[in-house]
1. Would you confirm whether any residue within the stretch 23-43 is surrounded by 14 or more Cβ atoms within 10 Å (Cβ to Cβ), modelled with pLDDT of 90 or more and either among the acidic types (Asp, Glu) or touching a strand residue (DSSP E or B) at 6+ places or on another chain (Cβ under 8 Å) (or both)?
2. Do we have Ala149 as at pLDDT 95 or above, small (Gly, Ala, Ser) and more than 21 Å from Arg42 (Cα to Cα) here?
3. Only residues that are without any contact (Cβ under 8 Å) to a residue 24 or more places away in the chain and part of a helix (DSSP H, G or I): list them for the stretch 109-127, please.
4. Please determine whether any residue of the stretch 101-117 is modelled with pLDDT of 90 or more and within 20 Å of Tyr166 (Cα to Cα).
5. Of Ala91, Ala80, Ala118, Ala149, which residue is buried (at least 18 other Cβ atoms within 10 Å of the Cβ) and of a type in the set (A, V, I, L, M)?
6. Of all the residues that make up the stretch 152-188, how many are of a type in the set (Lys, Arg) and crowded, with 19+ Cβ neighbours inside 10 Å?
7. Can you confirm whether Ala140 is touching a Gly at 6+ places or on another chain (Cβ under 8 Å), over 30 Å from Ala52 (Cα atoms) and among the hydrophobic types (A, V, I, L, M, F, W, C)?
8. Could you please give the count of residues in the stretch 44-67 that are in contact with a strand residue (DSSP E or B) (Cβ under 6 Å, 6 or more places away or on another chain), in a strand (DSSP E or B) and within 19 Å of Ala95 (Cα to Cα)?
Amino acid sequence: MTTGSNSQPLQVTSPCALCGGVIDSTSNVCSRCGADVDSVGRCSHCHAVASAQRHKELLWKCSVCGAARMTARRCEDIPAISNSLRDATHAHRLAGMSRVATAIGACAGLLGLLLVLAVKSVFSTGELVTSVMASLPLLAIILSAIGWAKSQRLAKTRDANLDNAYALAIVELLSQGSSAATSGQLAAALRIEPRRAEGLLASLNVRDDIESEVTDDGQLVYLARGNSRNMRFDQSVQPVTERLRVPDASAGAEDGISDPNQDGSTVKTQVSSVAKT
């Protein structure tokens, strides 16, 4: 005879890796430090166990060293992706330093020109003396303009490295996945904006890294090129197929020609997938 109760077993969750606090099972957020458990992992740059925080330019950054990170940890550990994130971080920091130097130089140049104009109006200096005094402020303004252009180029380099890192991550997810995925599913897996994921998928499709197929309900799905034959599709994501019955044995009988490779079948089914080739 066994005795018991109707109480449900307690759900044991692992403590927070950052502070050891209790993790809310519904939101996956630590009740003590507020860290999202899904974004906590070992940084590939500083090798510290830290959370990834959202960032305006880097998308995700390490809370310890500030380097560009990725919430998909299995993708972040890939050397090519880690190198692209490191290059994006380097370009981002140089762009920030360039913007600061540009602002300081522009302010110094403008203040210098105002000072030159004040000296000229008070002391009535000649044109030669005024030109010499104004040369340094003008040089500072010119250098500031060059620095601003440099910061813009570094920002483009940062964005290009980030796009390369996330494009490689998309290819990794598709190659390791067991089913085709939509752009929204890939954006949710990498925790980026769907519009950015669509742009990355479009560039990958042009480079033939992945291929796309259209489902019965008109939904566009993506899969790694070369995995289409072994790819299993979800019930909600089925490829569009068109089955054409082509007379085979009957046509040969009318012409008096028999095909030795046929084993008595009268029809042949052809399946064509709407896919990018």
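The values are calculated or read from the model by the stated rules, or taken from the named source; none is laboratory data. All values derive from a computational prediction rather than experimental measurement. Positions of Cβ are generated from backbone atoms using ideal geometry, with glycine treated the same way; all protein chains shown enter the neighbour counts.
1. yes
2. Yes: the conditions hold for Ala149.
3. Within the stretch 109-127, Leu114, Leu115, Val116, Leu117, Ala118, Val119, Lys120, Ser121, Val122, Phe123, Glu127 qualify.
4. Checked against the condition, which is being modelled with pLDDT of 90 or more and within 20 Å of Tyr166 (Cα to Cα), the stretch 101-117 yields no hits at all.
5. Ala91
6. The total comes to 1.
7. yes
8. Residues that pass the stated criteria total 4.
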